[in-house]
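Okay, structure first, notes after.
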Amino acid sequence: MPWLQAREVSPALAAFVVTGKVTSAVDGSALSGVTVLIKGTRTGTLTDENGTYRIEVPDENAVLVFSYLGFKTTEVQVGGRRVIDVSLTEDITTLDNVVITALGLTRQERSLGFSVGKVGEEEINRVVQENVINSLAGKVAGVTINSTGGTGSSVSMVIRGATSLSSDNQPLYVVDGVPIASTLNNVSQFGDRNLVDFGNSIADLNPGDIESITVLKGPSAAALYGSRAGNGVVLITTKSGKGSRGTRVSFSSNTTFDQPYRFFDVQTRFAPGFFSFTPDVLPPGQFLKVNEAEAAGAGIELDKGYFA
């Protein structure tokens, strides 16, 4: 019979199974779906919902590579250990000049083919304004901002000049992906037909709740919003709790007091009514109504008697 020779296998070169658990260094929670690879090979596995894994390594010199989105890639040499627990640390990367584009997509500004303007949280809250649109004055090129009246009135925002003689040329406002109507409440009448300008709806936004404002200027930037974006688009992104750990409450309050410098004179010369006679130019049975004089029956006294 031929001799049977036994060959001793070195423990350092024998394959064995390594198990362990992968957790987050932030809060110690288990991480599922972490990729565990043997360095230099395509052999690997994923952690389960409990963060545990099981992989067979060729020898104790093998190196395990742990990678997960949002965390730093970690390499660990096995060294003969059968149980290897790993704690991954967060990988915080800051992107330069990141802007929000149409449909809320985040892209780097240098990769865009159109002009955009962005104002961050610090610039918005540097000087508190009653209307958040006033915070953009002088901060975005090509944008003209004017107030249509006194305190609390509507604010007009025109991007790259007026494009229409019949409309108010206001851009489309999109807050967290939701378009909102923010037309001007212009004071275009006088007398008892005068309207009170309570401001446009964009003034209801709290500047302290806004993370960033992006102004899309070119037609290509506003193409996805259709004809409503013919005057440009203003994308407003509000804050979220993802930047804070645990429970955090912040409070701020601003109060404005206005005192009129002087009061305007109220006219008392005109009153509503009809002529008590029929002019010769009108058919019988019709009376002439003094429209403008009647409308001026209440309100500030006019400098001149227009249409009276």
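The values are calculated or read from the model by the stated rules, or taken from the named source; none is laboratory data. Just so you know, these numbers come straight off a predicted model, no measurement behind them. When we count neighbours, we look across all protein chains shown, and the Cβ atoms used for this are built from the backbone with ideal geometry, even at glycine.
Answer yes or no: is there a residue in region 176-185 that is outside any loop (DSSP other than H, G, I, E, B), at pLDDT below 75, over 27 Å from residue 255 (Cα atoms) and in contact with a helix residue (DSSP H, G or I) (Cβ under 9 Å, 6 or more places away or on another chain).
For region 176-185, residues outside any loop (DSSP other than H, G, I, E, B), at pLDDT below 75, over 27 Å from residue 255 (Cα atoms) and in contact with a helix residue (DSSP H, G or I) (Cβ under 9 Å, 6 or more places away or on another chain): absent.
Just to check your reading of the model, which residue among 56, 49 is under 37 Å from the mean Cα position of the chain (by Cα), at pLDDT 90 or above and of a type in the set (D, E, K, R)?
49
Would you be able to tell me the number of residues in region 127-147 that are touching a residue at least 60 places away in the same chain (Cβ under 8 Å) and part of a strand (DSSP E or B)?
1
Across region 188-237, which residue is modelled with the lowest pLDDT among those that are under 20 Å from residue 132 (Cα atoms), of a type outside the set (Lys, Arg) and part of a loop (DSSP other than H, G, I, E, B)?
197
Restrict the check to region 91-110 and report whether at least one residue is hydroxyl-bearing (Ser, Thr, Tyr), farther than 24 Å from residue 200 by Cα and at pLDDT 85 or above.
no
Among all residue pairs at least 6 apart or on different chains, which show Cβ distances below 8 Å where the first residue, located in region 235-264, is within 21 Å of residue 125 (Cα to Cα) and the second is assigned to a loop (DSSP other than H, G, I, E, B) and modelled with pLDDT under 80?
Pairs found: 235/101; 241/248; 254/128; 256/130; 256/151.
Within region 38-86, track down each residue that is under 16 Å from residue 14 (Cβ atoms), assigned to a loop (DSSP other than H, G, I, E, B) and either of a type in the set (D, E, K, R) or in contact with a Lys or Arg (Cβ under 6 Å, 6 or more places away or on another chain) (or both).
Passing the criteria: 59, 60, 81, 82.
Working only within region 4-37, note down all residues that are of a type in the set (Gly, Ala, Ser) and modelled with pLDDT under 85.
Correct list: 6, 10, 12, 14.
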